[in-house]
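The values are calculated or read from the model by the stated rules, or taken from the named source; none is laboratory data. Note that the structure is predicted; figures quoted are calculated from it, not measured. FYI the Cβ positions are ideal-geometry reconstructions off the backbone, even for glycines, and counts take in every protein chain you see. Each accessible area value is taken on the protein alone, full model and side chains, heavy atoms only, with ligands, DNA and RNA left out. Shrake-Rupley method; radii C 1.70, N 1.55, O 1.52, S 1.80 Å.
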Amino acid sequence: MKLVFAGTPEVAVPALDALLASGRHEVAAVVTRPDAPAGRGRRLVASPVAQRAEEAGIEILKPAKPRDEEFLARLREIAPDCCPVVAYGALLPKVALDVPARGWVNLHFSLLPAWRGAAPVQHSLMAGDQVTGASTFLIEEGLDSGPVYGVVTEDVRPTDTSGDLLTRLAFAGAGLLAATMDGIEDGTLQAVPQPVEGVTLAPKIQVEDAHVDFAAPALRVDRVVRGCTPAPGAWTLFRGERLKLIQVTPLPDRTDLAPGELSVGKNNVYAGTGSYAVELLWVQPQGKKPMKAADWARGVRIGAGERLGA
């Protein structure tokens with residue numbers, strides 16, 4: 001088939017690579033978000049998908065909005081059979097959805113109908129799911145509600161961050177998306193409507209969602225930290241300033257600390273929660289680089305009774 005691939009961040013690049021390597025389909029162009037400011041100089045930088053497409057010599061389309069007439073006209077000129085999508089980052093209007101004969105097929109990083117929305121991996125980790133995965137589905141006007149072509153599953157490991165899990169799903173999902181394109185082309189794959197039961201939503205994680213409540217149980221604290229790492233980054237307050245929490249580990253045997261109360265050993269830092277303690281392993285003070293929690297504690301000289309939180 002002739003394909004136009006839509007995607008923007010690094011997590012979409014493995015899928016683009018899989019389609020380019022398949023040898024069965026022609027990736028005629030990619031659609032990606034416009035260049036965005038990045039780095040200290042805030043200079044405009046092309047998306048990872050745009051950079052990969054440029055390396056491969058593929059036409060790059062960067063509409064400000066996917067309903068822009070110039071973009072739609074070019075899409076019609078290319079006349080793709082199908083448009084695979086991975087984390088494009090903008091809602092596709094019906095006028096765009098109607099262009100490819102076989103529609104737009106999205107690779108979504110959850111087992112639909114669970115975790116429809118922008119942040120499925122983060123929500124899955126924060127909810128304590130033990131198994132997640134990726135799904136390919138035909139995009140319709142509803143939010144991630146279209147019929148499903150295929151799925152792959154992935155076990156959630158006890159120490160997984162959203163970054164770890166998303167990386168594995170990006171590569172597993174890349175193979176799934178390529179196989180879905182093959183199945184659509186040869187007619188061996190039919191999309192199946194999603195069940196009406198089991199729908200959960202995964203809206204974008206806001207900064208306040210990443211605020212760690214040490215009155216919550218230790219498992220909840222751990223899940224929020226892992227779910228919000230690397231972005232937007234779990235955080236708490238210490239002496240009125242934000243402290244980012246990069247890695248913690250629950251300690252079921254330690255129950256002597258009040259919620260948020262800190263205890264410092266020679267090479268360890270502990271914090272109480274609503275159940276048992278967690279050990280702080282890596283933190284990032286405001287305006288500084290990530291560091292071992294023990295090094296941070298030595299630098300700030302934590303006093304008796306000091307706490308994390310408001």
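Observations on the structure shown:
- For the stretch 200-310, a/c is not less than 1.5, where a ≥ b ≥ c are the root eigenvalues of the C-alpha gyration tensor, and a/b does not top b/c. That puts it in the oblate class.
- Positive-end extreme of charge dipole, the stretch 194-267 - chosen from 248, 217, 199 (charges on Cβ): 248
- Taking all protein chains together and a 1.4 Å probe, the residues 282, 296, 115 rank 282, 115, 296 from largest to smallest accessible area.
- Considering only beta bridges that DSSP places wholly inside the chain, some 70 percent are antiparallel.
- When the Cα gyration tensor is reduced to axis lengths a ≥ b ≥ c, the ratio a/c is 1.5 or higher for the stretch 27-161, and with a/b not above b/c it is classed as oblate.
- Label point at residue 281 placed 7 Å out along Cα→Cβ; residues across the stretch 127-158 whose backbone nitrogen lies under 12 Å: 158
- By average C-beta atoms within 10 angstrom, highest first, the peptides 251-257, 144-150: 144-150, 251-257
- Hull shadow area, averaged, the stretch 73-228 [alpha-carbon convex hull, nm²]: 10.1
- With all projection directions averaged, the alpha carbon convex hull of the stretch 71-135 covers 4.8 nm².
- Whether the stretch 5-97 is rounded, prolate or oblate, judged on the alpha carbon gyration tensor where a/c under 1.5 counts as rounded: oblate
- With the charge dipole of the chain set up from +1 on Lys and Arg Cβ and -1 on Asp and Glu Cβ about the Cα centre, the Cα lying farthest toward the positive end among the listed residues 93, 161, 290 is that of 290.
- Put 1, 181, 291 in order of accessible area, highest first, and with a 1.4 Å probe you get 291, 1, 181.
- Debye intensity ratio I(q)/I(0), log10, the chain, q values 0.11, 0.13, 0.14 Å⁻¹ (C-alpha model): -0.74, -0.93, -1.02
- Of the residues 275, 131, 106, the one whose Cα sits farthest toward the positive end of the charge dipole of the chain, with +1 on the Cβ of Lys and Arg and -1 on the Cβ of Asp and Glu, is 275.
- Within the chain: Cβ-based charge dipole about Cα centre, in debye rounded to nearest 20 (Lys, Arg +1; Asp, Glu -1): 1300
- Gyration tensor analysis over the Cα atoms of the stretch 151-215 returns equivalent ellipsoid semi-axes of 32, 17, 11 Å (largest first, whole Å).
- Magnitude of the charge dipole, the stretch 92-223, Cβ model with Lys/Arg +1 and Asp/Glu -1, debye to 20: 100
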